[in-house]
Amino acid sequence: MSLLKRLGKEELLPEKNEKASTLLLPRMHTGSGLESELHNYLVEEFDKMKDSSEEDIHKLIEEKSENFFASRQTNITFEDKKRIIASAKDELIGYGPITSCLNDFSVSEVMVNGPSEVYVEREGKLEKTPVTFKDHDHILQVIEKIVHPLGRRIDESSPMVDARLPDGSRVNAIIPPLALNGPTLTIRKFSDKPFTIKDLVRFNTLTKDMAGFIEACVQSKMNIFISGGTGSGKTSTLNVFSSFINHGERIVTIEDAAELKLPQSHVVSLESRPENMEGKGAITIRDLVKNALRMRPDRIIIGEVRSAEALDMLQAMNTGHNGSLGTGHANSPRDLLARLETMILMAGIDLPVRAIREQIAGALDLIIHQERLKDGTRKITHITEVLGLEGDMIVLQDIYRFKETGMTSDGKIAGSFTTSGLRPKCAEVLQMNGHDIPSNWFSEEW
């Protein structure tokens with residue numbers, strides 16, 4: 001399927017109030033009637049608006065749209081006119097039909113499976129929307145509108161792309177011939193206002209005592225990994241826990257797509273880069289980890305550890321870079337250890353299993369496991385301490401757990417946060433760093 005040709009125009013990107021960034025605006029070759037005519041008319045006029053503010057552009061579009069309808073002398077209801085103008089705005093200065101979904105604060109993810117199959121995630125559950133595209137080429141227009149300002153391309157020779165919107169939302173697009181059902185677009189939204197620990201407590205993701213314990217661990221420079229499945233909320237939780245870091249420390253963040261929004265002033269954000277058209281120029285997470293060690297970091301935060309960079313990260317933790325944080329995909333704390341072993345082997349270094357486990361046991365202090373439960377809620381189900389190596393086995397001790405007890409009448413998961421009743425080994429370190437560790441943190445059930 002060939003992509004539609006573009007006109008050379010400029011567009012004001014969402015979330016920006018300064019001069020427009022270069023983007024190619026498409027003519028509407030699909031569909032018919034007033035909506036397509038208005039869109040093509042506004043494309044011709046758009047170049048005259050490029051130096052205006054976003055607010056002025058909205059007003060100019062409405063004015064020119066009114067002039068368009070007056071010149072056509074069409075009999076059209078006020079509601080239809082309003083709908084057509086809104087659609088034209090979405091095409092010109094938004095992201096087409098899904099703009100309303102992206103502007104909906106209750107939506108956390110948008111999934112476009114086809115022209116008439118647009119789904120959103122709301123409160124952890126999927127639901128189909130009435131939003132539709134005209135056809136597959138219309139979806140391609142939106143995908144290109146997203147990736148073009150980033151200097152990326154998507155076509156038959158490069159049919160996959162990972163990118164992000166100006167507000168930090170992560171975008172994944174895949175098109176034919178890899179996507180058999182047509183162009184597929186997935187956007188994971190990130191709020192302009194990051195969650196705080198009070199939000200997580202309010203959502204019942206964890207308890208106040210668990211939050212206090214984690215805060216003490218982060219401030220005491222424990223090495224912490226957050227594990228969980230896709231969509232479990234690992235990155236949002238990492239962002240919250242990273243906010244506990246002292247404002248006087250130098251923080252280096254490393255991500256595939258920059259999503260972390262830390263409140264500290266001394267933050268250096270690094271982002272990996274994919275290979276170019278010639279298959280060269282790729283900068284991997286591992287390259288960035290190695291470089292970060294030369295940047296005099298007090299803290300290194302990796303958005304997601306998924307490959308050979310695990311070895312470099314663990315070595316950094318074992319050689320004085322305490323207080324590092326990261327996330328990784330896993331089904332349980334024990335499963336994260338197995339995944340780390342596999343990722344270390346991906347570095348191409350032939351290490352015996354015991355040596356790998358010694359690295360892991362010496363580096364990690366705490367594993368925090370988060371899950372998205374069947375009712376769509378997200379909870380920290382394990383806070384687990386890494387005690388060390390006994391024989392060839394890494395010893396883990398759960399400090400907190402969430403235990404399910406059933407379902408409520410309204411379909412929600414029933415359960416409670418419990419403690420093991422054991423005082424964690426790291427409590428002495430926390431006290432040495434000036435933190436008061438109440439004994440009831442580890443002896444009560446909520």
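The values are calculated or read from the model by the stated rules, or taken from the named source; none is laboratory data. Given the structure is predicted, the values throughout are model-derived calculations rather than measurements. FYI the Cβ positions are ideal-geometry reconstructions off the backbone, even for glycines, and counts take in every protein chain you see.
A compact table of results
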item	result
Subset of region 273-305 (residues that are in a loop (DSSP other than H, G, I, E, B), modelled with pLDDT of 90 or more and on the phi < 0 side of the Ramachandran plot)	THR284, LEU293, ARG294, MET295, PRO297, ASP298, GLY303, GLU304, VAL305
Filter result for the condition that a residue is part of a loop (DSSP other than H, G, I, E, B), of a type outside the set (D, E, K, R), surrounded by 15 or more Cβ atoms within 10 Å (Cβ to Cβ) and at positive phi, over GLY411, GLY434, GLY376, GLY421	GLY376
Residue in region 215-267 that is nearest to ILE283 (Cα to Cα), counting only those that are β-branched (Val, Ile, Thr) and assigned to a loop (DSSP other than H, G, I, E, B)	THR230
Test: GLY388 is in contact with a helix residue (DSSP H, G or I) (Cβ under 7 Å, 6 or more places away or on another chain), crowded, with 23+ Cβ neighbours inside 10 Å and in the same structural domain as SER232 (by TED's automatic domain parsing)	no
Of all residues making up region 329-356, the number that are outside any helix (DSSP H, G or I) and within 17 Å of GLU304 (Cβ to Cβ)	5
Of all residues making up region 292-307, the number that are surrounded by fewer than 19 Cβ atoms within 10 Å (Cβ to Cβ) and either more than 22 Å from the chain's Cα centre (by Cα) or more than 15 Å from GLU255 (Cβ to Cβ) (or both)	5
Region 319-377, residues that are without any contact (Cβ under 8 Å) to a residue 24 or more places away in the chain and of a type in the set (Gly, Ala, Ser)	GLY320, ALA338, ALA355
Wholly enclosed helices (runs of 4 or more DSSP H) of region 75-186 bearing at least 1 residues without any contact (Cβ under 8 Å) to a residue 24 or more places away in the chain	78-93, 99-102
Residue under evaluation PRO297, criteria (1) farther than 22 Å from ASN318 by Cβ; (2) in contact (Cβ under 8 Å) with a residue 12 or more places away in the chain; (3) touching a Lys or Arg at 6+ places or on another chain (Cβ under 9 Å), criterion not met	(1)
Exclusive hit being of a type outside the set (A, V, I, L, M), closer than 26 Å to CYS101 by Cα and not assigned by TED's automatic domain parsing to the domain that holds VAL171, set THR207, THR284, THR253, THR237	THR237
Residue within region 258-268 that is of a type in the set (Gly, Ala, Ser), surrounded by fewer than 20 Cβ atoms within 10 Å (Cβ to Cβ), modelled with pLDDT under 90 and under 19 Å from the mean Cα position of the chain (by Cα) present	yes
Out of PRO183, PRO159, sole residue that is outside the structural domain of ARG294 (by TED's automatic domain parsing) and out of contact with any helix residue (DSSP H, G or I) (no Cβ under 6 Å at 6 or more places or on another chain)	PRO159
Region 132-156 - residue that is crowded, with 18+ Cβ neighbours inside 10 Å and among the acidic types (Asp, Glu) and, of those, nearest to ARG83 (Cα to Cα)	ASP137
Given (1) buried (at least 16 other Cβ atoms within 10 Å of the Cβ); (2) among the acidic types (Asp, Glu); (3) modelled with pLDDT of 60 or more, number of the condition GLU11 does not satisfy	(3)
Region 317-345 - residue that is closer than 20 Å to GLU249 by Cβ and among the aliphatic types (A, V, I, L, M) and, of those, surrounded by the fewest Cβ atoms within 10 Å (Cβ to Cβ)	MET317
Hey, GLY326 part of a loop (DSSP other than H, G, I, E, B) and assigned by TED's automatic domain parsing to the domain that holds LYS425 or not	no
Region 164-195, subset among the charged types (D, E, K, R) and buried (at least 18 other Cβ atoms within 10 Å of the Cβ), residue farthest from ARG153 (Cα to Cα)	LYS189
Residues being of a type in the set (Val, Ile, Thr) and over 26 Å from ALA361 (Cα atoms) - total across region 377-424	4
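Yes or no, residue by residue, for (1) under 25 Å from the mean Cα position of the chain (by Cα); (2) farther than 23 Å from ASN181 by Cα; (3) of a type outside the set (Gly, Ala, Ser):
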position: GLU66; (1), (2), (3): no, yes, yes
position: PHE69; (1), (2), (3): no, yes, yes
position: THR99; (1), (2), (3): yes, no, yes
position: GLU109; (1), (2), (3): yes, no, yes
position: ARG122; (1), (2), (3): yes, yes, yes
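Listed here are the residues, each with its yes/no results for (1) assigned by TED's automatic domain parsing to the domain that holds MET160; (2) touching a strand residue (DSSP E or B) at 6+ places or on another chain (Cβ under 7 Å); (3) at pLDDT below 90; (4) not basic (Lys, Arg).
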| site | (1), (2), (3), (4) |
| --- | --- |
| SER87 | no, no, yes, yes |
| ASN113 | yes, yes, no, yes |
| VAL118 | yes, yes, no, yes |
| GLU127 | yes, yes, no, yes |
| PHE133 | yes, no, no, yes |
| LEU140 | yes, no, no, yes |
| ILE146 | yes, yes, yes, yes |
